[in-house]
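I have placed the structure first, in the form of structure tokens, so that the comments after it can refer back to it.
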Amino acid sequence: MAQIRIENVRKDFGEFNAVKSSTFTVEDGEFFMLLGPSGCGKTTTLRMMAGLELPTSGKIYIGGEEVGMKRASERDIAFVFQMFALYPHMNVRRNISYPLVSQGMRKAEVAARVAEVAKILRIETILDKPVGGLSGGDRQRVALGRAIVRNPKAFFMDEPLGALDAEFREHMAEELRALHDRMGATTVYVTHDQLEAMQMGDKIVVMNHGVVEQFGKPQQIYDWPATKFVAKFIGSPPMNFLEFEGSVKAGSDHVNLSGHMVKVPMSRDDGLGKLALGIRPEHIRFKDSSAYRGRVIAVEYLGTTQIVTIETAHGEIKARTPSNQSAHVGELIGLNFDSRNLTIFDSATGNALVSEANEEVLNRG
Ligand code: ATP
């Protein structure tokens, strides 16, 4: 298995710049997610890492070796695509062994490898069945088997669960993650689904319009979004923003929200002009004595929690609170924010303003 690094990689299609200068490292054995909305350049990035597309500029390394100009077939990697193409006229065993047989591997070794893969995937009992009659899940396992059996340096997966219904998708996501943990194979996985990325990934790259907005562990990205885009894209409902005009004064760790001082986790002088205070729905508390108030405009019951939409002087926000907490439409409610959970963004650039202590967790690629 191998580390993969891309350095200042750019891709143009004619006049169109699909991927701007991107730099990040996938560590050996990591399950690494490329996440972003449709058209952000994640598939193009994956295809360049895998050798299906050549970068316009920049360098790509697999296992320390520069592979920028090497074709996919020379990179010793394996793909798992959304559409699992199996050979319908062959049984499971022959489908899995096909890549080895076509390389000219000896029969005994092929048999041993297939047995090992079948054990990892827990499909020993279906090895002699034709693939035509298999369930969707088993077909997916067979396709994975065919990728794994070559023992490649890395796996590349482009929305492999995209076509599945929600329940089965969740099941396969767990299975893929467990499989990864048993094998420890470096895996790069494209998805537009933030939940899938959070659940499965050791690390996530968040992309937007061809730009790496941030990369890091799921919790880092959730707790310390580097940009407003990341803060909005990850989390459901997304992070709230209270827009205000102001400055964060040197030495002061309070911002002035229309006369209400709110403590923030920083004290720096660079927050001048329009700012946005970012707060996750689950970090908003109701507190009668709080001077900062808003009016409840909707309450959505979700079982153990509820989503309460509140109109404030700085825009509409959504709070996630326990369902047994009283909140009625039309009611004025006192709001309390815990300073440890606030992020301040410069509204002009969308970038988070952070104290130096937090700079290292805001990896902007
Ligand atoms: P999706 O989830 O919709 O596939 P994505 O984030 O994977 O989105 P890419 O497929 O990487 O996005 O495409 C990024 C941009 O580059 C898109 O605007 C797309 O139209 C464009 N693009 C991709 N491949 C080509 C190509 N071969 N020629 C021209 N433009 C392309």
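For LYS217, a cut-off of 19 angstrom between C-alpha atoms picks up these lysines, skipping any fewer than 8 places away in its own chain: LYS42, LYS203, LYS228, LYS232.
One Cα centroid belongs to the range 164-196, the other to the range 84-132; the line between them spans 22 Å.
Stokes-Einstein diffusion of the chain at 37 °C, 0.692 mPa s viscosity, Kirkwood radius from Cα pairs, rounded to a whole number: 143 µm²/s. The C-alpha atoms of the chain define a longest principal axis, and helix 136-148 lies at about 70 degrees to it.
Positive contributions from Lys and Arg (+1) and negative ones from Asp and Glu (-1), summed over other residues with Cβ under 9 Å from the Cβ of THR305, come out at 0. Beta bridges from DSSP with both residues in the chain: antiparallel share about 75 percent, rounded to the nearest 5.
Summing charges over all other residues whose Cβ lies under 11 Å from the Cβ of ASP223, with Lys and Arg as +1 and Asp and Glu as -1, gives +3.
Extension gain, ALA298 to PHE16, is 97.2 nm, computed as 0.36 nm per intervening residue step minus the present C-alpha separation.
Here LYS318 is the anchor, and the aspartates and glutamates within straight C-alpha reach of less than 14 Å, apart from those fewer than 8 places off in the same chain, are GLU282, GLU300.
Annotation: the residues MET172, MET69, MET157, sorted from fewest to most other C-beta atoms within 10 Å of their own C-beta, follow the order MET69, MET172, MET157.
Throughout, read-outs are computed from the coordinates displayed, never taken from laboratory work. None of the values given here were measured: they were computed from a predicted structure. Positions of Cβ are backbone-derived with ideal geometry, glycine not excepted, and every protein chain shown enters the neighbour counts.
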